[in-house]
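Take a look at the structure below.
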Amino acid sequence: MSLLPTTSIARIADYDGQAVTLAGWVYNKTEKGRLIFILLRDGSGTIQCVIFKKNVAEETFAAARELTQESSCRITGMVRADERAASGYELDVQEIEVVHLTHDYPIAPKEHGIEFLMEHRHLWVRSSRQHALLRIRAEVMAAAQEWLNSQGFVRFDTPILTGTAAEGTSDLFATPYFDLGNAYLAQTGQLYVEAGMMAFGKVYTFGPTFRAEKSKTRRHLTEFWMLEPEVAFATHEDNLVLQEQMLSAIVQRVLSTCVRELEVLERDTTALQRVQPPFPRITYDAALDLIREHHTEVEGCRVLEWGEDFGAPHETLIATKFDKPVFVERFPTSLKAFYMQPDPARPEVVLCADLIAPEGYGELIGGSQRIHDATLLEQRIRDFGLNVEDYQWYLDLRRYGSVPHSGFGIGLERTVAWICNTHHIRETIPFPRMLYRLYP
RNA sequence: UCCCCGAUAGCUCAACGGUAGAGCGGCUGACUGUUAAUCAGUAGGUUCCAGGUUCGAAUCCUGGUCGGGGAGCCA
């Protein structure tokens, strides 16, 4: 066998005219008698390998003939630029080493139903479209963290097992926890990240969060990833600027580093190129006016009274009125979490904002300035019917060097779904957890 | 939790109360430019489960299971 070091397909252009060894899996194969084409993928890309019977040893041609879809192999050959090749290069094969011969790979190169594909998610992730989506997910995660790090943020990991419901709202997954009763899977790192903020100034937590709600839509998972930055001394205004800068940086980086993936997904990138600060802002009150004026344009979109929350149709309607993500700020206090700071000019609303994505992907970000006064915070905990004893540590943050501060949470899967323009967020995470999906 | 829809070959589907079918995939063969190749041949069935109606049920009825789309809730 060849002694050449293994080369990645992504770097094949560097080896034009040279012999290389590639290691990967057969993505597709076409036999034409004495000529065989093998489309090889190695995770970094795909390349067509060409085998002419008269140009190779008998055992090499025989090996090429027996290769099936998703068989693993090492292929040695000469890299040759070719205009007929989709990637611009082909490999003229000299040797083939079959590593493992696959029989009856379930996912054929044809249309499949979603149930079948979800049941084979562990194999489906090899397919080009899924590969592109998950590659962009990884890039969004890296872009977000590297941008925050460059701005002086420190990653501060918050617990997944918690003793109480953080916000006291949504349904939580419970699990027995030794002699301490139930533990709950975190629905947010919000409260804990505030402790980190008081220690490091600018922090973020990034990890899976869990909601036991029986949501059954294309925008919901029971396990999803959330990135939650928190900044000391930051006002509501500072918070919005941070959000639009971070999201713009993420989108622009994906545009520059994931060109091939966006092509695979057939994403119209002109809409993404517009994602630059500043983003439009409207108040909750202005949003109600907008809904009143245009509600007939979206099915199921009824006029709302002041104090009612938006439904999915309302968010869709608002999104259609702007060509960038749009902030809706200053919601009625009763609609939001207990820890949000009242607007000093209008105590009936809080200094918060939801960022609604264009193209009907719903709320990407929810953020707010937090209450920094211990007395007010304790009062709000009681008003919301929560147990003050559970929040003593959280109140401590306001008793020892309290400062105004703000933060937000951005849903990773919704962000990726929007950037990729994919219909359902279940394709933006390797193994989606949903109401009726716990396997594989 | 509520509303709507579905389950037939490995996959995607047809058969609409009267013999269980096609395409793709698999296998065999032909082919030196295919890339969801083409052509010929071939194998492949507990029609989701349990009852019921009927001379006869994939088809109609009842219950269940599993799944899909949406709402609410949320990110």
| query | Can you name every residue in the stretch A:389-422 that is open to solvent by 10 Å² or more (accessible area, probe 1.4 Å) and more than 21 Å from A:Val203 (Cβ to Cβ)? | reply | A:Glu389, A:Asp390, A:Gln392, A:Arg414, A:Asn421
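Tell me, which residue of the stretch A:307-332 that is in contact with a strand residue (DSSP E or B) (Cβ under 7 Å, 6 or more places away or on another chain) and in a loop (DSSP other than H, G, I, E, B) is farthest from RNA strand B (Cβ to nearest atom)?
A:Arg330
Please state which one of A:Tyr204, A:Tyr192, A:Tyr184 is in contact with a helix residue (DSSP H, G or I) (Cβ under 6 Å, 6 or more places away or on another chain) and surrounded by 18 or more Cβ atoms within 10 Å (Cβ to Cβ).
Answer to the check: A:Tyr204.
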| task | Consider A:Arg135 carefully, then state whether it is under 21 Å from A:Leu265 (Cβ atoms) and more than 16 Å from RNA strand B (Cβ to nearest atom). | result | yes
| query | Quick one: what pairs do we get from the stretch A:181-193, first residue within 26 Å of A:Val231 (Cα to Cα) and of a type in the set (Val, Ile, Thr), second part of a loop (DSSP other than H, G, I, E, B) and open to solvent by 10 Å² or more (accessible area, probe 1.4 Å), C-beta under 7 Å, 6+ apart or different chains? | reply | A:Thr188/A:Ala166; A:Thr188/A:Glu167; A:Val193/A:Phe156; A:Val193/A:Thr158
| Does A:Leu22 fit the bill of being more than 9 Å from RNA strand B (Cβ to nearest atom), in contact with a Cys (Cβ under 6 Å, 6 or more places away or on another chain) and open to solvent by less than 40 Å² (accessible area, probe 1.4 Å)? | no
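Please tell me if A:Arg155 is assigned by TED's automatic domain parsing to the domain that holds A:Tyr391 and either among the acidic types (Asp, Glu) or touching a residue at least 60 places away in the same chain (Cβ under 8 Å) (or both). Walk me through how you get there before you give the answer.
On the way: assigned by TED's automatic domain parsing to the domain that holds A:Tyr391: yes; either among the acidic types (Asp, Glu) or touching a residue at least 60 places away in the same chain (Cβ under 8 Å) (or both): no.
When the stated conditions are applied, A:Arg155 does not pass them.
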| query | Has the stretch A:145-154 got at least one residue that is open to solvent by less than 40 Å² (accessible area, probe 1.4 Å) and hydroxyl-bearing (Ser, Thr, Tyr)? | reply | no
| Any idea which residue in the stretch A:71-102 is surrounded by the fewest Cβ atoms within 10 Å (Cβ to Cβ), counting only those that are more than 7 Å from RNA strand B (Cβ to nearest atom) and not in a strand (DSSP E or B)? | A:Glu83
| Quick one: is A:Arg155 under 30 Å from A:Phe178 (Cβ atoms), basic (Lys, Arg) and more than 9 Å from RNA strand B (Cβ to nearest atom)? | yes
| remark: Within the stretch A:103-132, residues over 17 Å from A:Cys420 (Cβ atoms) and away from RNA strand B (no atom under 12 Å from the Cβ) come out as A:His122, A:Arg126
| field | The listed residue being touching a residue at least 12 places away in the same chain (Cβ under 8 Å), open to solvent by 30 Å² or more (accessible area, probe 1.4 Å) and acidic (Asp, Glu), out of A:Asp343, A:Asp373 | value | A:Asp373
| task | For the stretch A:44-70, enumerate the residues that are in a loop (DSSP other than H, G, I, E, B) and farther than 18 Å from A:Gln18 by Cα. | result | A:Ser44, A:Gly45, A:Ala57, A:Leu67, A:Thr68, A:Gln69, A:Glu70
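Would you confirm, using the coordinates I've provided, whether A:Gln243 is open to solvent by 10 Å² or more (accessible area, probe 1.4 Å) and either part of a helix (DSSP H, G or I) or of a type in the set (S, T, N, Q) (or both)? Even if it seems obvious, please write down each step before you answer.
Details: open to solvent by 10 Å² or more (accessible area, probe 1.4 Å): no; either part of a helix (DSSP H, G or I) or of a type in the set (S, T, N, Q) (or both): yes.
Against the criterion (open to solvent by 10 Å² or more (accessible area, probe 1.4 Å) and either part of a helix (DSSP H, G or I) or of a type in the set (S, T, N, Q) (or both)), A:Gln243 does not qualify.
The values are calculated or read from the model by the stated rules, or taken from the named source; none is laboratory data. Please read all numbers here as calculations on a predicted model, not as lab measurements. Every residue, glycine as well, gets a Cβ built from its backbone with ideal geometry; the counts of neighbours run over all protein chains shown. SASA here: full protein model, heavy atoms, side chains in, ligands and nucleic acids out. Shrake-Rupley method; radii C 1.70, N 1.55, O 1.52, S 1.80 Å.
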